[in-house]
Structure formats: C-alpha cells, structure tokens
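Novice: Okay, here's the structure, questions in a sec.
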C-alpha cells in the first residue's frame with residue numbers, strides 16, 4: 001500500500017505537444033535552486049530505469065503506435081507505480097520540491113479524451129496506483145492547436161503523437177482545458193504563446209505563493 005504523501009511540494013507540468021513544458025521546468029528548477037530550495041526534476045512515463053524502459057516501448061519507432069489504448073494505459077500505470085515508489089514518494093518525504101513533466105492529467109487526456117477509453121476505468125486505476133499522490137500544483141501550458149503543431153513539425157516529429165494532424169492537437173488542447181476547468185484549486189492555465197521569460201516569471205511567482 002502506498003504511504004501518505006509527506007511534507008514536500010509536488011508540481012506537475014501538463015499540456016499537449018509543443019507547448020514548452022521542458023523549457024519552463026528547467027527555468028523553474030534553476031530559480032528555485034537559486035533560492036536554496038531542494039528540487040528534483042522527473043518525468044512520465046519515466047523517472048526510474050524500469051519506467052524509462054516502458055517509455056521506450058511506448059515511443060518505439062517500429063511499434064510505438066501499435067499498442068492498443070488499454071495496453072498503453074496498463075504500461076503507463078506500471079511505470080507510474082515504480083515512479084511513485086522509487087522517486088516521488090521518497091523525495092516528498094524528504095521535504096523536496098518535485099517537478100514532474102506529465103503525470104495523471106496526461107493519462108486522462110491522451111488515454112481518455114483522445115483514445116476514448118472509459119474514464120471511470122482510468123480513474124479507478126488512478127485511485128489504486130496514485131493514492132494520495134495528487135499534485136499540489138499543476139501548470140497546464142496552453143497553446144493554439146495550429147501553433148503547437150507548427151512548433152512540433154519545425155523540430156522534427158519523434159513519435160506517433162508528434163505526427164498527428166490538427167484534429168489531434170485540438171483534442172489534446174480541449175482535454176487539458178477541460179481538466180483545468182474541473183480542477184481550479186490545483187490547476188493553473190498558462191498562456192504558452194508569450195515570451196518565455198514572462199512565462200517563467202509567472203510560474204515562479206505562483207510557485208512561491210504555494211510555498
């Protein structure tokens with residue numbers, strides 16, 4: 001059984017493809033460390049050797065797009081179980097700030113809104129695997145679907161999601177905005193179509209408020 005989340009702060013970054021999550025996580029990590037905060041950065045799927053192996057399976061060039069939605073969901077939750085036990089829970093118990101690139105909201109959107117799996121099934125698994133490890137704060141990076149697709153295409157497609165059409169990008173955006181609307185106490189929507197430094201300043205300010 002999972003232990004109860006302890007005294008640290010758990011922050012997740014969410015959004016569709018090409019919205020700039022990685023850049024903003026790096027910016028926040030740097031600024032928090034400059035303020036003598038103990039920070040770790042991780043990602044999903046991934047974060048542990050076993051979970052990174054699952055990530056490679058899901059994004060494999062040859063068969064990454066062939067997993068059924070149910071198979072993807074099971075692989076993601078297997079990776080998450082290891083990630084929580086070996087990385088997230090210990091860091092929070094030590095009072096650290098955990099910055100995670102994708103987490104439960106990405107599963108809800110990609111496997112629920114996009115792949116159209118039964119959301120009750122997704123949430124039942126989430127309750128079993130995640131337990132009390134719900135983020136304290138989630139930044140949802142929001143960007144016009146067409147602009148997001150242009151960004152991804154300019155950097156070169158990497159997996160089957162990156163190669164999606166405009167409809168896919170719009171569904172992703174709508175899914176994340178729906179989650180933000182339904183979880184106002186946890187989620188903050190960030191306009192990702194701004195100067196990167198302005199975004200970083202806003203995210204740091206909101207994090208400081210949470211601390």
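Novice: Do any helices (runs of 4 or more DSSP H) entirely within region 53-114 hold 2 or more residues that are within 23 Å of residue 141 (Cβ to Cβ) and in contact with a helix residue (DSSP H, G or I) (Cβ under 9 Å, 6 or more places away or on another chain), and if so, which?
Specialist: The qualifying helices (runs of 4 or more DSSP H) are 69-83, 104-107.
Novice: Quickly run through region 116-140 and pick out the residues that are surrounded by fewer than 15 Cβ atoms within 10 Å (Cβ to Cβ) and either closer than 15 Å to residue 74 by Cβ or without any contact (Cβ under 8 Å) to a residue 12 or more places away in the chain (or both).
Specialist: 118, 119, 120, 121, 124, 127, 128
Novice: While we're looking at this one, here's another question. Only residues in region 24-53 that are in contact (Cβ under 8 Å) with a residue 40 or more places away in the chain and on the phi > 0 side of the Ramachandran plot count as the first member; pair them with residues that are buried (at least 20 other Cβ atoms within 10 Å of the Cβ) and not in a loop (DSSP other than H, G, I, E, B), Cβ under 6 angstrom, at least 6 apart or cross-chain, and list the lot.
Specialist: Pairs that qualify, where the first residue is in contact (Cβ under 8 Å) with a residue 40 or more places away in the chain and on the phi > 0 side of the Ramachandran plot and the partner is buried (at least 20 other Cβ atoms within 10 Å of the Cβ) and not in a loop (DSSP other than H, G, I, E, B), are 47/83.
Novice: Answer yes if at least one residue in region 163-179 is free of Cβ contacts under 8 Å to residues at least 40 places away in the same chain, under 20 Å from residue 12 (Cα atoms) and either out of contact with any helix residue (DSSP H, G or I) (no Cβ under 7 Å at 6 or more places or on another chain) or surrounded by 16 or more Cβ atoms within 10 Å (Cβ to Cβ) (or both), and no otherwise.
Specialist: Among the residues of region 163-179, at least one is free of Cβ contacts under 8 Å to residues at least 40 places away in the same chain, under 20 Å from residue 12 (Cα atoms) and either out of contact with any helix residue (DSSP H, G or I) (no Cβ under 7 Å at 6 or more places or on another chain) or surrounded by 16 or more Cβ atoms within 10 Å (Cβ to Cβ) (or both), which makes the answer yes.
Novice: Are any residues in region 126-148 touching a strand residue (DSSP E or B) at 6+ places or on another chain (Cβ under 9 Å) and part of a loop (DSSP other than H, G, I, E, B), and if so, which ones?
Specialist: 133, 134, 135, 136, 143
Novice: Cβ-Cβ under 9 Å, sequence separation 6+ or interchain: first residue in region 71-92 and on the phi > 0 side of the Ramachandran plot and at pLDDT 95 or above, partner surrounded by fewer than 17 Cβ atoms within 10 Å (Cβ to Cβ) and in a helix (DSSP H, G or I). Which pairs?
Specialist: none
The values are calculated or read from the model by the stated rules, or taken from the named source; none is laboratory data. Please read all numbers here as calculations on a predicted model, not as lab measurements. Cβ: placed from backbone, ideal geometry, glycine included. Neighbour counts: every protein chain shown.
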